[in-house]
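**Q** Next up is a structure, given as structure tokens.
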Amino acid sequence: MDHNETLITDEILLEELSKRIERYKSALDNLNTLNKQLLELNKKLSESEALKSHFISNITNEIINPFASILGLAKSITECNDESPDKMKRMAALIHREAFCLDFQFKNIFAAAEIEAGEIQPIISVVNIDEMLSGLMQQYSREIEMRRLTSYLIKDPEDGNVLLFKTDGDKLTVVLSNLISNAINFNRPNKKLTIKYGKTVDGMLKISVIDEGLGISEENRKIIFDRFKRLDSGINSLNRGHGLGLSINKAYIDLLEGKLFVESKENEGSTFTVLLPESTVASNDYSEEGNEVFFGDEEVF
């Protein structure tokens, strides 16, 4: 083998070594990238577990606290004498309020469990929207009064005396209950709570829940529908602050192929708007369940 052949062989060897070094360098870069991704994923998993633990802790409080109040009040009633009917009546009203809150929390917890398990399906029937909204306002009348709010239920005059709409009445009731609850809890005393509803020109159901409360910052509007996120302002909470209701709303509205919009200004108020298409599923069933909310109207204190 002459000198030229040896020189060519050395050049080829050096070129191959250079290529291998580049491949090893590339592999090392990829390994470092993967390592960073794994560290980031581990961090997110840790945060997720912490958030879920915090979430469970809050859920537990939402159940234990009303139960404790109900038991304490019931015990006080049993110890009252016949000469204090007004006191017993006040305590009975408080028991009703705590039971209402507890029932409200349970409905959301069960709904969240169904969503997490992927078991939710729409149950379509003909729903009387007028009765549904009137019933909701009646159910929340004590809360509205306690917050010293003025409430308005405004229907589009184009929709006539009765507005019937084919949808899942039970799920729509849960959605509206969450929106009304937030609008009450995060409103300011002596302000207005307004619900506007009717059909759009293309036949969709439009319901807006409007408050004059704390409002939501632009940054927080991006995460209010996340089940495991909490906001400093607390706007994502239900009655007592665990950020579950709005995530349920989003899941239910998506299931019904509708949209949920929020418009808000800090310290001026918020407007949540539900926009639903009418279901094309054949159904002549009338939804009584969708027009009943939590406790019946028979219990008056």
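The values are calculated or read from the model by the stated rules, or taken from the named source; none is laboratory data. Given the structure is predicted, the values throughout are model-derived calculations rather than measurements. Every residue, glycine as well, gets a Cβ built from its backbone with ideal geometry; the counts of neighbours run over all protein chains shown. To get the accessible areas, we keep the full protein, side chains included, count just its heavy atoms, and leave off ligands, DNA and RNA. Shrake-Rupley method; radii C 1.70, N 1.55, O 1.52, S 1.80 Å.
**Q** Looking only at residues in the range 213-269 that are at pLDDT 55 or above and of a type in the set (Phe, Trp, Tyr), which one is least open to solvent (accessible area, probe 1.4 Å)?
**A** By that ranking, first place goes to TYR252.
**Q** Here's another thing I want to ask about it. With the requirement that a residue be open to solvent by 40 Å² or more (accessible area, probe 1.4 Å), under 28 Å from GLY198 (Cβ atoms) and in a loop (DSSP other than H, G, I, E, B), what does the range 103-122 give you?
**A** Once the filter is applied, which keeps residues that are open to solvent by 40 Å² or more (accessible area, probe 1.4 Å), under 28 Å from GLY198 (Cβ atoms) and in a loop (DSSP other than H, G, I, E, B), the range 103-122 yields GLN121, PRO122.
**Q** Further, regarding this structure: Counting residues that are in contact with a Phe, Trp or Tyr (Cβ under 9 Å, 6 or more places away or on another chain), under 25 Å from LEU246 (Cβ atoms) and free of Cβ contacts under 8 Å to residues at least 60 places away in the same chain, which strands (runs of 3 or more DSSP E) fully inside the range 123-182 reach at least 2? Write out each step before concluding.
**A** Working: elements: 125-128, 150-155, 164-167.
Ranges flagged: 150-155.
**Q** Hey, does the range 171-188 have a residue that's closer than 22 Å to SER264 by Cβ and among the basic types (Lys, Arg)?
**A** yes
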